[in-house]
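The values are calculated or read from the model by the stated rules, or taken from the named source; none is laboratory data. All of these numbers come straight from a predicted model, not from anything done at the bench. Note that we place each Cβ from the backbone using ideal geometry, even for glycine, and neighbour counts take in every protein chain shown. Accessible surface is based on the protein model in full, side chains and every heavy atom, while ligands, DNA and RNA are left aside. Shrake-Rupley method; radii C 1.70, N 1.55, O 1.52, S 1.80 Å.
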Amino acid sequence: MTTKAQLQNAPSKNDTLFARAQKTTPGGVNSPVRAFRSVGGSPRFITRAEGPYFWDADDKRYTDYIGSWGPAIVGHAHPAVVKAVQEAAARGLSFGAPTEGEIEIAEEICRLVPSIEQVRLVSSGTEATMSALRVARGATGRDRIVKFEGCYHGHADSLLVKAGSGMLTFGNPTSAGVPEDFVKHTLVLDYNDVQQLEDAFKAMGDTIACVIVEPVAGNMNLVRATPEFLHAMRRLCTQYGAVLIFDEVMSGFRVALGGAQSLFGIKPDMTALGKVIGGGLPVAAFGGRADLMAHLAPVGAVYQAGTLSGNPVAVAAGMSTLKLIQEPQFYEKLSATARRLTQGMQHAAQEAGVAFSADAVGGMFGMYFSASVPTSYAEMMAVDRSKFNAFFHAMLDAGHYFAPAAFEAGFVSAQHDDAVIDATIASARAVFATLG
Ligand code: KE4
């Protein structure tokens, strides 16, 4: 008979699974951020999820504020999405041949994002941005690309770059295994720095193939782009014949039905999408002006391909999700939910005298242990990470699962109702009191 004391001292199932996972998979995870390296401790191995919740291997329930890093916008295991996947799977999992479902989702994406005249489906956001870059280079015949410090566009070699030493010097790899040669055409500038962007174009604008940007940054935690920044980017790309790529893998269908581009009223030349358009299964996409997309094989000379691109089961999940997010008031409610959370957290922190701020755009939010909302990468790097880590673990113990890193955004779903949000705020109030 196991005594209570023995039970309390028994290693958690999460710890056992984590130890086992590390024997066969580097870090025990299939994507680094999941390993809790930034916050310490063992990751939670999730066994099931429903609505705003998921449960770990010890059968502990959490309110989930990651939502699979964006895809779970309608809530986990939504009956309509599960049904669509089950019905599609019963018809076969993958054919390696075109299906009508791929036409339907392509038509829906083009209808919802007017800047996209033609679109190609792929299986990850990395593939989407990598392919969009290749189209831009193929269409312009230019090599140079511009990205911004703090923006993440997936792990394609030429995008794993940090800013060079000088302002207009080319980047250095952020990852081992990426040859200097692969990043020598990548210029890394400061997010929201209009002058620097102007200077770069003045210096080398006619050699720039494209600029790629997160129009609402979510990979240095949430940082809003200023309208001036994005409008200058649009003007300069047009003036110098560079392709403007909006990486909306995270912001697409997350901040608004038409993505961040609809909020800013800016028409990029190409857009990368992912996450929400797969509803949790692997669907991503890149698309834009028809004259650019015409460079893609088999029509044009820019090669790109994928065994599971447009997979019928994944497309069924994505299409079902795209239908649900078009329900009346979907984004009004989702934005109100995210705002309820961020405002409630700010009030709770203020009561405790903790330097804390928060922001939300549509259904994504940022929380910062700093007195004001960071507006740049440099300001973001100054937030109090140890306070965040203490907050993260205390909230995790209380059953609220936030991103296990200070520099990640958070996500709510249509199933996070007021009672769910208010329970999180109540827990946060107690945690802030210990941090004050
Ligand atoms: P994937 O290759 O992970 O599907 O997408 C890459 C990507 C591209 N562009 C943006 C704006 C993204 O946010 C991402 C991926 N986002 C991360 C969240 N920080 C995914 C989580 C992870 O890496 O495990």
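Tabulated data for the structure shown
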{"item": "All positions within the range 311-340 that are of a type in the set (A, V, I, L, M), in contact with a Gly (Cβ under 8 Å, 6 or more places away or on another chain) and farther than 23 Å from VAL82 by Cβ", "result": "ALA338"}
{"item": "Only listed residue being open to solvent by 40 Å² or more (accessible area, probe 1.4 Å), touching a residue at least 60 places away in the same chain (Cβ under 8 Å) and part of a helix (DSSP H, G or I), chosen from ARG120, ARG111, ARG134", "result": "ARG134"}
{"item": "Breaking point among (1) surrounded by fewer than 18 Cβ atoms within 10 Å (Cβ to Cβ); (2) within 16 Å of the ligand (Cβ to nearest atom), for ALA317", "result": "(1)"}
{"item": "Any hit, the range 72-93, residues being within 16 Å of the ligand (Cβ to nearest atom) and touching a helix residue (DSSP H, G or I) at 6+ places or on another chain (Cβ under 7 Å)", "result": "yes"}
{"item": "Number of the exception - PHE45 against (1) on the phi < 0 side of the Ramachandran plot; (2) within 16 Å of the ligand (Cβ to nearest atom); (3) in contact (Cβ under 8 Å) with a residue 40 or more places away in the chain", "result": "(3)"}
{"item": "Flag for GLU104 being within 16 Å of the ligand (Cβ to nearest atom) and under 18 Å from LEU308 (Cβ atoms)", "result": "no"}
{"item": "Condition check for ALA128: farther than 24 Å from ALA428 by Cα, within 16 Å of the ligand (Cβ to nearest atom) and either open to solvent by 80 Å² or more (accessible area, probe 1.4 Å) or assigned to a helix (DSSP H, G or I) (or both)", "result": "yes"}
{"item": "Matching entry among SER31, SER12 (being within 24 Å of ARG385 (Cβ to Cβ), without any contact (Cβ under 8 Å) to a residue 60 or more places away in the chain and either assigned by TED's automatic domain parsing to the domain that holds LEU396 or crowded, with 16+ Cβ neighbours inside 10 Å (or both))", "result": "SER31"}
{"item": "Wholly within the range 333-436, helices (runs of 4 or more DSSP H) carrying at least 2 residues that are buried (at least 18 other Cβ atoms within 10 Å of the Cβ), away from the ligand (no atom under 16 Å from the Cβ) and not assigned by TED's automatic domain parsing to the domain that holds TYR152", "result": "385-397, 418-435"}
{"item": "Every residue from the range 308-332 that is closer than 17 Å to ALA285 by Cβ and assigned to a loop (DSSP other than H, G, I, E, B)", "result": "LEU308, SER309, GLY310, ASN311, ILE325"}
{"item": "Condition broken by THR271, with the remaining ones in (1) crowded, with 24+ Cβ neighbours inside 10 Å; (2) away from the ligand (no atom under 16 Å from the Cβ); (3) of a type in the set (Ser, Thr, Tyr) satisfied", "result": "(2)"}
{"item": "In the range 320-330, the residues that are open to solvent by 30 Å² or more (accessible area, probe 1.4 Å) and of a type outside the set (Asp, Glu)", "result": "LYS323, GLN326, PRO328, GLN329"}
{"item": "Complete set of residues in the range 246-267 that are touching a Leu at 6+ places or on another chain (Cβ under 7 Å) and not in a loop (DSSP other than H, G, I, E, B)", "result": "GLY252, ALA256, PHE264"}
{"item": "ARG224 charged (D, E, K, R) and touching an Asp or Glu at 6+ places or on another chain (Cβ under 8 Å)", "result": "yes"}
{"item": "Out of ALA360, ALA314, ALA371, sole residue that is farther than 30 Å from GLU108 by Cβ and not aromatic (Phe, Trp, Tyr)", "result": "ALA371"}
{"item": "Residue match in the range 201-215 (condition: acidic (Asp, Glu), in contact (Cβ under 8 Å) with a residue 24 or more places away in the chain and buried (at least 24 other Cβ atoms within 10 Å of the Cβ))", "result": "yes"}
{"item": "Residue match in the range 66-79 (condition: assigned to a helix (DSSP H, G or I), open to solvent by 70 Å² or more (accessible area, probe 1.4 Å) and either at negative phi or in contact with a Phe, Trp or Tyr (Cβ under 6 Å, 6 or more places away or on another chain) (or both))", "result": "yes"}
{"item": "Per-region count, the range 223-268, residues of a type in the set (Phe, Trp, Tyr) and open to solvent by less than 10 Å² (accessible area, probe 1.4 Å)", "result": "3"}
